[in-house]
1. Figure the gain on full extension for residue 309 and residue 79 (residue separation times 0.36 nm, minus the Cα-Cα span) and round it to one decimal in nm.
2. Holding the Cα-Cα limit at 30 Å, pick out from 185/273; 83/252; 83/518; 27/185; 380/523 the pairs that are longer than that.
3. About the Cα centre of the range 2-524, how large is the charge dipole given +1 on each Lys and Arg Cβ and -1 on each Asp and Glu Cβ? Please answer in debye to the nearest 20.
4. Determine the gain in length on full extension of the stretch residue 9-residue 370; use 0.36 nm per residue of separation and subtract their C-alpha separation, reporting nm with one decimal.
5. Using a 10 Å cut-off around each Cβ, can you sort 447, 471, 126 from fewest to most neighbouring Cβ atoms?
6. Considering the dipole of the chain built from charges on the beta carbon (Lys and Arg +1, Asp and Glu -1) around the Cα centre, which of 397, 516, 469 is farthest to its positive end?
7. Answer with one residue from 265, 131, 492: the one whose Cα lies farthest towards the positive end of the charge dipole of the chain, charges on Cβ with Lys, Arg +1 and Asp, Glu -1.
8. Extension gain residue 399-residue 383, at 0.36 nm per residue separation less the Cα-Cα distance, in nm?
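Bear in mind that the values in this text are calculations on the coordinates, not laboratory data. Everything numeric in this text was worked out from a predicted model, so none of it was measured. Cβ: placed from backbone, ideal geometry, glycine included. Neighbour counts: every protein chain shown.
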Amino acid sequence: MTNLLILITTFFFVSISLIGYGTIFLKIFSKDSQISNFGYLGIFGLVFSIFISYFTNFFLPHDYIFNSIYLILGLFGFIMLIKQLSRNVLKKEIISFIVIFSISLISLLIFKNHDDFPYYHFVYTYNLTQFDLNIGIGQFNHGFRTPSSIFYINSLFFLPLIKYFSFNFTSVIVLIFANIILLKKIGISFSSKILSFKKELSQPYVIILFSLLSLMFINIFFYRVSEHGTDRSAQILVMLLIIEIIDALQRKNYNNIINLKILTLVIFIISLKAFYILYLLLLLPVYYSYYQLFKSHGLIIKKLLSRYLFFYLLIFLLILSSYFFSTGCLLYPVEITCFDNLSWSIPIKQVEQMNQWYQQWSKAGAAPGFRVDNPEIYIKHFNWVSNWIDKYFFNKVSDFLFGIIFLSLVILVSFQMNSENKDKLKINKKYLILYIIIFVLFFEWFYNHPALRYGGYNLISIIFFLPISIYLSAKKINVKNLKLLITIFVILTFTIFLGRNINRIYNENVLYKYNPLKQAYYKVDNEYFNEYKNLKKLISNYYKCIQTQDCSENKLKMKYGFFIFEN
């Protein structure tokens, strides 16, 4: 019971500290932007923490002392927020946060994490808490060659008492902040009446519908946080990005707050997984729209070149540096970005082999105990499609596709039955451009890495959700009916989320005797620390070599791509 209390208390402390840093972020980079939404303040706080984590790790490890000071300072930002919000607004935001926080806590109770967690997620994060800049760490295992901001953020949560059992906090925190944002978009808030709806629609109808579909999607399909890894958090943020892009396209005037939100989400998404850099294409309709609003080139530069834009460019450079110091590549495994003349560089041949391997795996050409013959031929063009359909589409993609179609039909039929025709449907050309870009990204995903975890979940969902939202937004619906439908679906969504997690914990209890009331932390074995021990030994032997000034070849052996001094 003690560690359950430690888990909940630490998690709450971290969450409000991040909201505090979101407030500090706005004070520094966008003084004119007033945001009370705890969801977006939390997202801003996470992105600010990405910068702090990447930058400070050049000089020092994220140990207990550093992390404690950093997160305590975030509380001052939270106090600042409390002072600047009106009593009524603050009350609503706090109640909404506490309700969503309480619902989401159950997803934090995990015994077994996914397979990549002990392989490199945990190890990479733990190393950040023990060492500062690790040059050439990509030599240790393949997982270390693809750093993610989620590791860097989690390393800031290495604190006394809870220690490393906080290394999956970020996934749950992203889910919590996303839920708060989506509920605000829908118009739902929590108060003394528990669940209430705003008197008037605060968002365009298309945004309300897409937000509702997104809320249901991320909580029903992504309920198991142990499977989030670095991928699903990014896909949750992509859903928020699409909503903000729709909002920007709806408006006739430039809105600095929306621009701030869009750029924040974009840099956060890219930091989680490098291939999401392709999602910069989604900005085209937005900035084309801004260009139309401001014909004067000088005015566009003045409007768009803000302080936070330069801050995000700096974060992007820090992200590239993490790849560079790990592998010798700016974007691993894109061989054109690699420098093979550095002492820690991954050989170009290995980079090519790993690029091929990632494609082979995502195209169902490899699995435990299975490899296709001639992988170079297999991954080219569409040679892999028939095997992918047989081994991956059925039943992985087909089950997901069935779930998305079922969810879409339920919403479509429910709202259609309570609506009447308003006007002839007119599709905004900007939506058409956005939809074309979604299909371009979908084709790129299907052609190069057609695994759901690599962006397939959100792309398939958006392909269904966007046209449904646009179609229904052209209908006229009674506000009372709308409120009733949304309230029912919101309650149903969180009921399913809780039910599926309760069932998961029950199954973990049956299989592993996991009882969160007695031992709330996830399972950690000695193998989790193997790579840390190897790195520690490497550093120790290096200094021994320097001190003894005896680094002769007969005492040095190559291991993990480094010279290891042996007695």
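1. Working it through step by step, the gained length comes to 80.1 nm.
2. 83/252; 83/518; 380/523
3. So the dipole magnitude of the range 2-524 works out to roughly 1960 debye.
4. 125.5 nm
5. By the 10 Å Cβ count, ascending: 447, 471, 126.
6. Result: 469.
7. Of the candidates, 492 comes out farthest on the positive side.
8. The span from residue 399 to residue 383 would gain 3.4 nm if fully extended.
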